[in-house]
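Heads up, the thing below is written out as structure tokens.
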Amino acid sequence: MRKAGVLAIAPVMLAVLASAGAAAAAPGPPAAASWTVYHADPAGTGVAGPVSAVDTRTRAWTSPGLDGEIYGEPLVFAGRVYVATENDTVYALSAATGAVAWSAHLGTPVPASSLPCGDIAPTVGITGTPVIDPSRGEIFVVADELVRGAPVHVLAGLATATGKTELTQDVDPPGADPAALLQRTGLTLDDGRVVFGMGGNFGDCASYRGRVIAVPEAGGRPRVFTVDAAGGDSQGAVWMGGAAPVVDAAGRVWVSTGNGSVHAPGQPYDDSDGVLELSPTMRLLQYFAPGDWPANNAQDLDMSTAPVLLPDGQVILAGKSRIVYLLDGAHLGGTGRPQATLGPACGADIDGGIAVSGMTAYLPCGSGVIAVRAAASPPALHLLWSSAAAPGPPVLAAGLVWTIGQNGTLYGLSPATGAVRQTAFVGAPANHFPTPSVAGGLLLAPAARDVVAFAAPAGTPPATPAAPAPATPVPASTAASAPRQAAAGGGLPPGAIAGLSVFGLAALGGIGWLVWWRRKIGHN
């Protein structure tokens, strides 16, 4: 079975790797021209196409200041960069210069002061990362709009070439209070439908139920799955730290869910605080939740990462409890039956999108990205390293793990050790979960109200040694290698990194290393 966006890893000989790492190496396959969905592909792997290096010494361009704060990830398609703001405006920027090609203001955003709670201000507009359907030439967003004095969540489809509106549809579930709902997840596509999650505003105030909603791309009756659907139940947000629902190769949809209103043990499971596998028509197929899910609900311990779909069929899940779970994707097991656990794996909540290479997942812990490796036989999780550099949802490109810190710094980390290899200041982000994208020869980092681009030309990534898996699970307080802080002003330039890689290979006397390769499928 094909796996969306999963890396295939092959050993190679020393001479081949040395040639690949040299500055004069022959050009590799062209870099992916598009990044049309959160974290690159339907499975949310966060893996870019072949990129030789990211030049963080100078900016390729900085966009003009936009009309509102940016919460989503920039997208790339047909030579343009697409980004949306909390002022309900969608922008298409030139990928060559960052200049505005077109902008479309969809409506009046909702004043934060009119909502029962929340932490987005001064207005709430487009929060979730949009999604692009290349076959239709259409970008979809969910905008929170003030209509006749009240909030309404509107799914809008715009022509990518011109910004012309092709679709508008109210997507608030019947009977819901729109003021109590926040559309925080990224959007994705599945079986001709736009799929996204809904939850509550920061603070879990008012009454709401988490939803996963699938709307036909041409408009029409939505399919909806509701968390905490029983009478008297509520909450169970589907927010995932801004990540999009994950779509596997068979078109099944995977989401994590937040805390529900059931706190007493012995009550029927309410679909909260777990991972759900749904059909394309939003029918529940299977689920997992910790055995102590009612206690987690009482303590607001959401499951809040994107589910990590590993190439062998296992699944990794994490959230605010800071415990990482390993699951059998074919048999999630219901409540209380994970294959293995690790944790607490770090010192803060684990929220947002992920990156995955083979059996290693890079997870966005609030105290810094962590690397966790899964094993199948026997099932186990191993903490490879913890980085204090930055907590933002990571992506993989040019042989490095890229993440954005709340201090406004973009970091490139060694995937083997977590050591800082490159840095660049991009400006403070607007939200807790900023994440870069890499396509079209650029790495794009969103700041609060602008987008910063760095050159990321096509080519074979520098060879990167893989961190060896420990013989036994590593305690959460231990890392395989302590991260090093790069020097200010951009760290080591890409050419120096490649040179060091070749030198290390010679010193090791011919030990095979790993080359990164990826075959993109789906809508990218």
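The values are calculated or read from the model by the stated rules, or taken from the named source; none is laboratory data. In this text the structure is predicted, and so the values were computed from the model without any measurement. Reconstructed Cβ throughout: ideal geometry from the backbone, glycine too, with neighbour counts over all protein chains shown.
Restricting the first member to the range 148-163 and to residues that are at positive phi, and the second to residues that are of a type in the set (F, W, Y) and surrounded by fewer than 17 Cβ atoms within 10 Å (Cβ to Cβ), the beta-carbon pairs closer than 7 Å and six or more apart or on different chains are G163/W102.
In the range 235-287, the qualifying residues are those that are out of contact with any helix residue (DSSP H, G or I) (no Cβ under 8 Å at 6 or more places or on another chain) and β-branched (V, I, T), and the one that is surrounded by the fewest Cβ atoms within 10 Å (Cβ to Cβ) is T281. Test A101 against the stated conditions and say whether it is free of Cβ contacts under 8 Å to residues at least 24 places away in the same chain and part of a strand (DSSP E or B). So A101 passes the test.
Summed over the range 176-202, residues that are assigned to a loop (DSSP other than H, G, I, E, B) and hydrophobic (A, V, I, L, M, F, W, C) total 3. The C-beta contact set for the range 72-87 (first residue closer than 20 Å to V47 by Cβ, second residue hydrophobic (A, V, I, L, M, F, W, C) and in a loop (DSSP other than H, G, I, E, B), distance under 6 angstrom, 6+ apart or interchain) comprises V81/A95. Criterion first (touching a Gly at 6+ places or on another chain (Cβ under 8 Å), assigned to a loop (DSSP other than H, G, I, E, B), of a type in the set (A, V, I, L, M) and modelled with pLDDT under 95) does A390 satisfy it? Yes, satisfied. Consider the range 288-327 and keep the residues that are hydrophobic (A, V, I, L, M, F, W, C), touching a helix residue (DSSP H, G or I) at 6+ places or on another chain (Cβ under 9 Å) and not in a loop (DSSP other than H, G, I, E, B). The one that is surrounded by the most Cβ atoms within 10 Å (Cβ to Cβ) is M303. For the range 95-124, a residue qualifies if it is of a type outside the set (S, T, Y), closer than 30 Å to A161 by Cβ and in contact with a Pro (Cβ under 7 Å, 6 or more places away or on another chain), and the qualifying residues are V100, V110, V124.
The C-beta contact set for the range 191-219 (first residue touching a residue at least 12 places away in the same chain (Cβ under 8 Å), second residue among the polar types (S, T, N, Q) and surrounded by fewer than 22 Cβ atoms within 10 Å (Cβ to Cβ), distance under 7 angstrom, 6+ apart or interchain) comprises S207/S234; Y208/S234; R209/T226; R209/S234; R211/T226; V215/Q169; G219/Q169.
Residues are listed down the side, and each one gets a yes or a no for (1) of a type in the set (S, T, Y); (2) at pLDDT below 95:
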position	(1), (2)
A214	no, no
F225	no, no
A237	no, no
A244	no, no
A249	no, no
V253	no, no
G258	no, no
S261	yes, yes
A264	no, yes
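Here are G368, G392, G353: which of them is touching a residue at least 12 places away in the same chain (Cβ under 8 Å) and over 14 Å from the mean Cα position of the chain (by Cα)? Of G368, G392, G353, the one residue that is touching a residue at least 12 places away in the same chain (Cβ under 8 Å) and over 14 Å from the mean Cα position of the chain (by Cα) is G368.
Within the range 119-133, the set of residues being outside any strand (DSSP E or B) and surrounded by 15 or more Cβ atoms within 10 Å (Cβ to Cβ) comprises I120, G125, T127, G128, T129, P130.
Scanning the range 194-211 for residues that are surrounded by fewer than 24 Cβ atoms within 10 Å (Cβ to Cβ) and within 23 Å of I354 (Cα to Cα) gives N201, F202. When the residues of the range 53-90 are filtered to those that are surrounded by fewer than 24 Cβ atoms within 10 Å (Cβ to Cβ) and among the hydroxyl-bearing types (S, T, Y), the one that is nearest to W254 (Cα to Cα) is T89.
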